[in-house]
Amino acid sequence: MAKFRRRTCIILSLFILSIFSLMMGLKLLRPNTATFGAPFGLDLLPELHQQRTNHLGKNFDSQKSDRINSETNSKNLKSVEITMKPSKASELNLEELPPLNYYLHVFYYSWYGNPQFDGKYIHWNHPVLEHWDPRIAKNYPQGRHNPPDDIGSSFYPELGSYSSRDPSVIETHMRQMRSASIGVLALSWYPPESNDENGEPTDNLVPTILDKAHKYNLKVTFHIEPYSSRDDQNMYKNVKYIIDKYGNHPAFYRYKTRTGNALPLFYVYDSYITKPEKWANLLTTSGSQSIRNSPYDGLFIALLVEEKHKYDVLQSGFDGIYTYFATNGFTYGSSRQNWASLKFFCDNHNLIFIPSVGPGYIDTSIRPWNTQNTRNRINGKYYEIALSAALQAHPSLISITSFNEWHEGTQIEKAIPKRTSNTVYLDYRPHKPGLYLELTRKWSEKFIKERATYAVDHSLPIS
C-alpha cells in the first residue's frame, strides 16, 4: 500500500510539473488577452512616456522575474570564439521563383556602418539605453557595444557587422527579399543631412538601393522617420524632394487605388506626435499646406498605437494606418485581437489597413530592462501565427517588421550561430539561416491566392 501511495505521489508530481511547463510555454506566446505591460523604449513612443512611467515603476519588480531564458544572451562564458562563416550567395534564377507580391512590404534599414566603408562602426556599436527611472537604471550595465564580436543585437547576421554602403550587401539583401517573394521594401528615411541619434545621413544611399532593387524587380517606398522638428510645412518639402528626385525611377513604388490612380505611398512613423490640426494642413484638401490634388499627392499611412488614435487619423486626413510593432500585446494596434475591428473601422472610413507582422522581438542587447516585451520566435511559429492573423483580417497590404532591424530582434534576414568568450548569440537552429525568408515566401504565395478571392468583394485593386 505504501509503495502504491509513493507511486501515486510521483505520478501526481510529474503531472503537475508537466502542467506547469505547459503554462510557461504558453506564456511565451503572450495571448491576445494579455495586458499591455510597460512599453519598450519609450523614446520610440514619446508622448506615451509620462502616461505609463508610474505604472512601470510599480510593476517592475514582478516583471524582472518574467525573463525568457531561451531568448536572452548567455554572458561570461569561458569558451573560445566560434563564428560560422557566411555561405556563398548563389545567383537567383528569377524565372524559377514565384511571382513577387507587391502587396507585401518589409521595413528596411540602411543605417549600419563599418570601418571598411564608413571609417567606423555605425549602429552595430549601439549604446545600452538607460531606463528613465534611475532606481531601475542602476541595476543594469551601461556603455556601448564593441563590434565586430560584440554588437547591439541578440542575433548575429550571416553577413557580419556589415555596412549598408557596401554594394554587395545591398545586392544580397535584394536577393534575399526576392527569394522571399517580397515585392516592396519600405526604406527608413531621414531628409538629407539628417539622421537618427545613433547614425549618419543615409539619403545618398537611396539611388543605389533603387538601382539594386530594380535589378530584382523590387519596388521601394519610403518610411518617413520622426526627424527633428517634423511638421506640415517641412513634410511638404520633403515629400516634394522624394518625388522630384526619385519618383521617375522604375523601382519607385506606387499603389493603385480603387479609383485606378497610382500614387506614391508613405509610411509615417510616430505620426501621433504631431497634432491632427497640423497634419490636416497638409493632408486635407482645404489645408493651408495641402498636398492634395497636386503633383505631390500620395497615400500617407499613419502609425496607430492607441485606439483613440483612430479618430486623430480621420481628423488629420491620413489615407490609412499601419501597426508596425512586432510585439503582440504591446500596443492596441499591434494586438492581433484588434485587427478585425481596425479593418472594419478602416473599411467604414475608406482607409487602407496594413497590419504589421514580425518573427519575434528581443531588444535586451540595447534595452536590458525590457524583458517583458520579448516574444520568443518558437522556431517560426510566432511569425506564422501573426501572418495567419493578418490574412484573416483581409487586408489590402501586409507589412513585415522587419528585414533587418537587428537591435530589436525583428529581422528576417539570415542569421548564424556565433559564440564569443562572453556572449552566445541567438540563432534560427535547428533550422537554416534562411528560415524566415522561406516562411515569408510560403505565406506570400498564400496571401496572393487569398487576396484574389476577397479583393473583388472588397473592391480592392487586384493588380
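Screening residue 436 against (1) open to solvent by less than 10 Å² (accessible area, probe 1.4 Å); (2) in a loop (DSSP other than H, G, I, E, B) leaves a single unmet condition, (2). The single residue among 424, 357 that is at pLDDT 95 or above, among the β-branched types (Val, Ile, Thr) and over 17 Å from residue 152 (Cβ atoms) turns out to be 357. Taking strands (runs of 3 or more DSSP E) as the structural unit, those lying wholly within the stretch 247-330 and holding at least 1 residues that are buried (at least 22 other Cβ atoms within 10 Å of the Cβ) and among the β-branched types (Val, Ile, Thr) correspond to 262-268, 299-303, 320-322. Does residue 335 qualify as being out of contact with any Pro (no Cβ under 9 Å at 6 or more places or on another chain) and open to solvent by 10 Å² or more (accessible area, probe 1.4 Å)? Taking the combined requirement at face value, the residue does not satisfy it. The residue pairs whose first member lies in the stretch 384-398 and is farther than 11 Å from residue 340 by Cβ, whose second member is at pLDDT below 95 and surrounded by fewer than 24 Cβ atoms within 10 Å (Cβ to Cβ), and whose beta carbons are closer than 6 Å, counting only pairs six or more residues apart or on different chains, are 396/460. Candidates 151, 170: the one that is in a helix (DSSP H, G or I) and over 17 Å from residue 98 (Cα atoms) is 170. In the stretch 100-117, of all residues being in a helix (DSSP H, G or I) and in contact (Cβ under 8 Å) with a residue 24 or more places away in the chain, the one that is surrounded by the most Cβ atoms within 10 Å (Cβ to Cβ) corresponds to 117.
Applying the condition of being at pLDDT below 95 and in contact with a Gly (Cβ under 9 Å, 6 or more places away or on another chain) to the stretch 134-164 and asking which residue is surrounded by the most Cβ atoms within 10 Å (Cβ to Cβ) yields 136.
Looking across the stretch 221-245 at every residue that is among the polar types (S, T, N, Q) and closer than 27 Å to residue 104 by Cβ, the one that is surrounded by the most Cβ atoms within 10 Å (Cβ to Cβ) is identified as 221. Does residue 363 qualify as being of a type in the set (D, E, K, R) and either under 28 Å from residue 132 (Cα atoms) or part of a helix (DSSP H, G or I) (or both)? Yes; evaluated as a whole, the condition is true for this residue.
The values are calculated or read from the model by the stated rules, or taken from the named source; none is laboratory data. Just so it is clear, the model here is predicted, and its values are computed rather than measured. Note that we place each Cβ from the backbone using ideal geometry, even for glycine, and neighbour counts take in every protein chain shown. For accessibility, only protein heavy atoms count, side chains too; no ligands or nucleic acids. Shrake-Rupley method; radii C 1.70, N 1.55, O 1.52, S 1.80 Å.
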